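Peer 1: Below are the structure tokens for one structure; questions will follow.
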Amino acid sequence: MGSVDVALEQPKGILERLLGSSLRVDAERLAFAAILIVAFISRFAMLEPRVMSHDEISHVYYSYNYYRGLGFQHNPLMHGTFQFHVMALNYFLFGATDATARFPAALSGVIAVGLVWVFRRWLGRTGTLVAAALMAFSPYMLYYSRYVRNEAFVVVEGLLMLWAVFRYFEDRQARWLYLLAASLALHYTTKETAFIYDAILLLFLGARFVWDALRARWHSPSHRWAFLGGALVAVAGVGLALAFFFRDLVRATKNISQGLAEVTPAGPAGGPLMVIGLVLGLLGVIMIAAALLASFGRRLRSEFPSLDLLVVAGTVTLTQLPALFLPVEVIARYGDTSDPQSLLDPTAIQRLWVVVPVILLVAGAVGLAWGRRRLCGNLHPSLHLPLQPRAGAHHRGCRLTRLLAWTAGRRKGEPTLVLLPFVADTDL
């Protein structure tokens with residue numbers, strides 16, 4: 001075979017494939033494109049004339065100071081940090097005006113409408129067009145897509161989360177786990193609604209996993225009963241812990257709001273009864289894990305996609321829960337005053353120095369036990385663990401493939417780096 005024949009057999013490059021492919025245009029795509037155009041115009045038209053509202057001023061002022069190089073100190077009262085960094089970048093690119101301040105929200109509103117297209121395989125042709133039109137013309141969606149707040153970003157992150165979950169159930173490709181981790185992590189940097197979205201997702205994935213596990217073939221009936229017993233113990237333990245946590249939180253909040261006494265931080269929120277609930281929850285999880293490993297072993301990784309999704313979503317969520325171990329009086333005082341300085345109580349800081357490393361270690365241990373092929377680490381605030389494969393041709397080392405980093409906020413001259421959860425592959 002000559003050199004000419006060999007050249008002809010080589011695969012085409014990306015540019016050749018794009019130029020050689022025919023763009024199929026039909027009524028459905030034209031209709032969707034028209035909806036996108038309407039969404040773009042309705043989001044970006046006349047952004048300048050409207051006066052800035054109170055909430056918008058709170059966001060644009062600190063973003064503008066950050067853009068000017070005056071630093072940024074995060075206040076939880078203004079939700080997550082993602083918006084401030086995006087807006088500072090936006091000012092750098094387009095200048096600082098009332099209109100440009102609303103560009104990130106407007107762009108997110110258009111992206112949200114466009115993301116409906118990726119759900120076409122489940123919504124169908126008619127359902128996709130109807131859903132996109134409803135999102136484009138919804139007064140609620142339109143309002144917050146022209147408003148300097150976090151809601152427009154949350155919609156995009158929520159849609160990406162759902163897309164990742166649905167697609168992973170279909171083809172089990174690791175890229176959907178990356179997308180799930182990224183969407184959840186960015187949501188946590190955007191607004192507290194991440195806890196609501198994550199709770200709904202975990203409930204769904206947990207119910208799906210229990211359903212799949214009960215329908216599977218178990219090695220022994222006793223293992224199935226141990227699994228059910230562990231699930232009941234875990235649910236009861238977590239429910240008990242949360243019940244006593246919120247009981248004490250409500251009491252402390254009433255005392256502070258009514259000025260009954262100057263409250264001094266004491267024990268952890270929920271007290272010893274909350275600790276008992278957490279111990280029961282942990283015992284239930286151990287029973288579940290033992291029963292599953294005894295019956296399924298390595299089959300857990302191949303037969304239960306819901307478990308993969310649970311591990312990713314669960315470990316991301318776990319790193320956000322240290323506040324549950326703060327003194328309940330500190331949490332109540334912050335809820336009453338909205339003053340972030342109240343969170344700097346010495347007792348609270350000492351407790352976090354213990355709780356945060358433990359939670360990070362637990363999240364990392366769960367990821368490593370689940371398997372290095374899909375999760376080699378789950379990193380969160382102010383933590384960097386370099387992962388390098390050892391030398392040797394036969395070593396299955398952990399190769400970092402995704403790492404999302406975000407500067408969560410800084411005082412002038414004092415940068416603080418937050419490493420969001422990442423997923424890594426194994427060199428096989």
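Peer 1: Is there a residue in the stretch 64-74 that is surrounded by fewer than 20 Cβ atoms within 10 Å (Cβ to Cβ) and among the charged types (D, E, K, R)?
Peer 2: yes
Peer 1: Looking at the stretch 178-231 only, could you name the residues that are surrounded by fewer than 17 Cβ atoms within 10 Å (Cβ to Cβ) and among the hydroxyl-bearing types (Ser, Thr, Tyr)?
Peer 2: Ser220, Ser222
Peer 1: Can you tell me which residue is modelled with the lowest pLDDT among those in the stretch 320-351 that are in a helix (DSSP H, G or I) and either farther than 17 Å from Pro76 by Cα or aromatic (Phe, Trp, Tyr) (or both)?
Peer 2: Checking each candidate, the answer is Tyr334.
Peer 1: A further question on this structure: Considering each of Leu159, Leu129, Leu134, Leu142 in turn, give the residue that is of a type outside the set (Lys, Arg), within 22 Å of His85 (Cα to Cα) and surrounded by fewer than 21 Cβ atoms within 10 Å (Cβ to Cβ).
Peer 2: Only one candidate qualifies: Leu159.
Peer 1: Taking the criterion of being of a type in the set (S, T, N, Q) and touching a residue at least 60 places away in the same chain (Cβ under 8 Å), would at least one residue in the stretch 92-114 satisfy it?
Peer 2: No, there is no match, as no residue in the stretch 92-114 is of a type in the set (S, T, N, Q) and touching a residue at least 60 places away in the same chain (Cβ under 8 Å).
Peer 1: Also, I was wondering about something else. For the stretch 194-201, state whether one or more residues are under 30 Å from Glu151 (Cα atoms), modelled with pLDDT of 85 or more and among the hydroxyl-bearing types (Ser, Thr, Tyr).
Peer 2: yes
Peer 1: Take the stretch 279-309 and flag every residue that is surrounded by fewer than 19 Cβ atoms within 10 Å (Cβ to Cβ) and of a type in the set (Asp, Glu).
Peer 2: Glu303
Peer 1: Now a separate question. Determine if the stretch 169-177 includes at least one residue that is buried (at least 19 other Cβ atoms within 10 Å of the Cβ) and at pLDDT 90 or above.
Peer 2: Yes, the conditions are met somewhere in the stretch 169-177.
Peer 1: Specify the residue that is nearest to the chain's Cα centre (by Cα); the eligible residues are those in the stretch 285-319 that are farther than 24 Å from Ser222 by Cα, assigned to a helix (DSSP H, G or I) and polar (S, T, N, Q).
Peer 2: Thr317
The values are calculated or read from the model by the stated rules, or taken from the named source; none is laboratory data. In this text, all values refer to a predicted model and were calculated from it rather than measured experimentally. Note that each Cβ is placed from the backbone with ideal geometry, even for glycine, and that neighbours are counted across all protein chains shown.
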